[in-house]
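Report on the following structure.
Where a number appears in this text, it was derived from the coordinates with a stated rule and is not lab data. All values reported here derive from a predicted model rather than from experimental measurement. Backbone-built Cβ (ideal geometry, glycine too); neighbour counts: all protein chains shown.
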Amino acid sequence: MTVESPAEVADRLAGVDYLADEGLATALFLALRLPQPLLLEGEAGVGKTEAAKALAQALDTPLIRLQCYEGIDVSEALYEWNYPRQLLRIRLAEAQGGDIAEEDLFDETYLVRRPLLQAIEHEGPRPAVLLIDELDRADHDFEAFLLELLAESSVTVPELGTIRATNPPVVVLTSNRTRDLHDALKRRCLYHWIDYPSPEREVEIVRRRVPGSARELAEDVAAAVARLRASDVQKPPGIAEAIDWVAALRLLGAERLDAASAGRTLGSVLKYREDQESVRAEGLERLAP
Amino acid sequence: MTGGGAHFARALDRDAPLAAVALGRALRDAGLPVTPDRSARFAAATALSPPRDRSSLYWTARVAFVSSHEQLPAFDAVFGAVVDGLVDPADSRGQAGAPAPLEAAPPDAPTVERQGGEAADGGAPRLGLGGDGEGEGEGVERPVASVASDVERLADTNFGELEPAELDALAVLLRSLAFATPPRRARRARLARRGERLDVRATLRRAQRTGGDPVRHERRRRREQPRPLVALLDVSGSMEAYARAYLLFLEGAARGARAEAFVFATRLTRVTKALRDGRPHAALDRAARAAPDWSGGTKIGEALKAFNDRWGRRGMARDAVVVVLSDGWERGDPSLVAREMERLSRLAYRVIWVNPRAAAFGFQPVAGGMAAALPFVDELLSGHTANALDDVVEAIGRTR
């Protein structure tokens, strides 16, 4: 199942209710076909993680996700040995009066596969999508380790030897830019910056995600959210907030966005008390069309 | 393809690699870190899916060539110039209207004075850094023997009264201050006899020696890691006399303590990379470009807000030691300074403010910005001489 053009990628993503613009579709197409890892950056809530999930769904292949955090290391990202099980095995051998060879103890039966190893070992038929989420939260050592893995599409487990990917995964990395990623890593990756969607596209996204929502309501919310993003709030609302907002409004029976309905549902779009206060102070009617 | 893109599209059609290399070169001239494999990647991409129109060409080129968000303005300008054929790419170098090149400045672009010794009386602020490119970093090797012998005296002289050559003599000293932030506990642990966590893996491995009985329990203790260090330097007109010295100080911090460094006058510019690469003049060039009205005063509040919004809140300032170097002469609204300082102090572990005017006799923190910031500052220091900067280094290492 190969895709032939960026437009085809966009079509397939639309088939799983993810609306990608031409830029993202091009980036994903090239990541699939060159093939090369893709680094996605953008404000929080523009759908970086969602893009990888939708890609996996559209290609009908598993999504393997590695969430990075400070201090993540090989035993959490790649593999670990199943110690309790090994210990039981030793006890069993002992009880039976036998002995157990070390290579029996460190064989695949006792291997716990973490996301990176799962992605490398994935047998197909189609490559898995490997999502390495928020890489900027991991530390430099881990980045260097990852670089090696991306370059070689293989990993070495000392006790087992080198495991080579038969079907290398499609790799999508995301970063929130809390720190600069290493140049060497950036060099290896395709890069795409995801912008907030245009209001028209956001209306489409929201309406797909909140079934039965009225066009007028979605349009009101998309316009209000665009205004909030341009204003001086600490945490600009992402697409998820727009979706939540429409869902909340719909649940309360609102047909249009006005000062009253906005006031009752402000918590689904602004998550900081200061932001809510400043928007209320400026007047909620300014959010209405 | 229609319109201005037609010319480039034809070139791409005829000889994709050549057209790709031409675009790559134009981008590199504008300061983007374009390597030959990027051009090759672009050529391969266009072969996979031949661009149908300007927009698909744009996205293919952007995904292939750009590697960070900061490069987008420069990319857009060059793409417009080359593909729409409005400008010969060679002419776009150092153009006044062209976006600021990133990191590496083109050789003929307008720059801030680079030679410390010949700082002109002209419009450019006197912010040279005693040397260019290769020679940079060896400030003391310049012929300053008459003063170099007297570093001790200089170390007690107010930076504002130092001649450029004298500052060069201090450069090595300033760069080599040893920074250490207080530790915080890391997530990862290492083996330790009295550790609080049992290390099953090590215990088990050891248990094999005792017939599978975990006789001795291996433990781990969480490792400690130095806290991040972030420095924000005011390079506006009123700080001119100090900015040079402080930039050297920041260079030491960026290289020694992996500090993040920013400069601001009217806009905030991240200069970490330039400093780490030992190119403080490039850092100043970037700052000068970002703030055309360079000596026109400071917008501390806006700079702090930009930092909090873009970097601080996302994690850079969290649990970090933050050092602000500024005289607190705010041109904008002091209440914004207060608000943003409050946000910053909530994120950071400690906030240290270095104000060179604090050393003056009878100093009162009354400058609008300084007074507004003070309630949220853990420590206010002068740092007006090389020796006074020692106190700053000490303060950076203090625990709360």
Helix A:140-152 against the longest principal axis of chain A: what's the angle in degrees, Cα atoms only, rounded to the nearest 10? 70
Between A:Val171 and residues 5 or more places away or on another chain, which pairs have amide H atoms under 5 Å apart, with H built 1.01 Å from N, and which residues are they? A:Leu38, A:Leu130
Calculate one ³J(HN,Hα) per residue across the stretch B:51-60 by plugging θ = phi - 60° into the Karplus curve 6.51 cos²θ - 1.76 cosθ + 1.60, and present them in order as whole Hz with x for glycine and proline. x, 8, 8, 4, 5, 5, 5, 4, 5, 5
If you take the square roots of the eigenvalues of the alpha-carbon gyration tensor of the stretch B:315-368 and sort them as a ≥ b ≥ c, do you get rounded (a/c under 1.5), prolate (a/b over b/c) or oblate? oblate
For the stretch A:203-289, what value does the Rg/Rh ratio take when both radii are computed over Cα atoms and Rh is the Kirkwood radius, given to two decimals? 0.92
The stretch B:325-400: chymotrypsin sites (Phe, Trp or Tyr not before Pro) in DSSP loop, at most 16 other beta carbons within 10 Å: B:Phe361, B:Phe363
Nearest-ten-degree value, helix A:83-95 long axis tilted from longest Cα axis of chain A: 30
For the stretch B:44-49, 3J(HN,Hα) per residue [Karplus equation, 6.51 cos²θ - 1.76 cosθ + 1.60, θ = phi - 60°, Hz, x = Gly/Pro]: 4, 5, 5, 6, 5, 9
Reachable lysines from B:Lys273, criterion Cα separation under 23 angstrom, eight or more residues apart if same chain: A:Lys186, B:Lys305
Would you kindly derive the ³J(HN,Hα) couplings of the stretch A:170-182 from the backbone phi angles with the Karplus curve 6.51 cos²θ - 1.76 cosθ + 1.60 (θ = phi - 60°), listing them in order in whole Hz, with x for Gly and Pro? 7, 9, 10, 10, 10, 9, 9, 6, 6, 8, 6, 6, 5
So for the protein assembly as shown, Kirkwood radius off the Cα pairs, Stokes-Einstein at 20 °C and 1.002 mPa s: how many µm² s⁻¹? 75
Please list, in chain and number order, the residues 5+ apart from A:Arg65 or on another chain whose amide H is under 5 Å from its amide H, with Hs placed from the backbone. A:Leu131
Which residues qualify? For B:Leu325, with a placed amide H closer than 5 Å and at least 5 residues away or on another chain, they are B:Leu232, B:Leu233, B:Asp234, B:Val354
Give me the angle, in degrees from 0 to 90, between the Cα long axis of helix A:273-282 and the longest principal axis of the Cα atoms of chain A, rounded to the nearest 10. 20
Three semi-axes of the equivalent ellipsoid, the stretch A:116-192, Cα gyration tensor, whole Å, largest first: 23, 15, 10
From the Cα gyration tensor of the stretch A:161-211, with a ≥ b ≥ c the square roots of its eigenvalues, which class applies: rounded if a/c is under 1.5, or else prolate if a/b is larger than b/c, or else oblate? oblate
What helix-only [θ] at 222 nm does the protein assembly as shown give? Using -39500 (n - 2.57) per DSSP H run of at least 4, over all residues, to the nearest 500, the answer is -12500 deg cm²/dmol
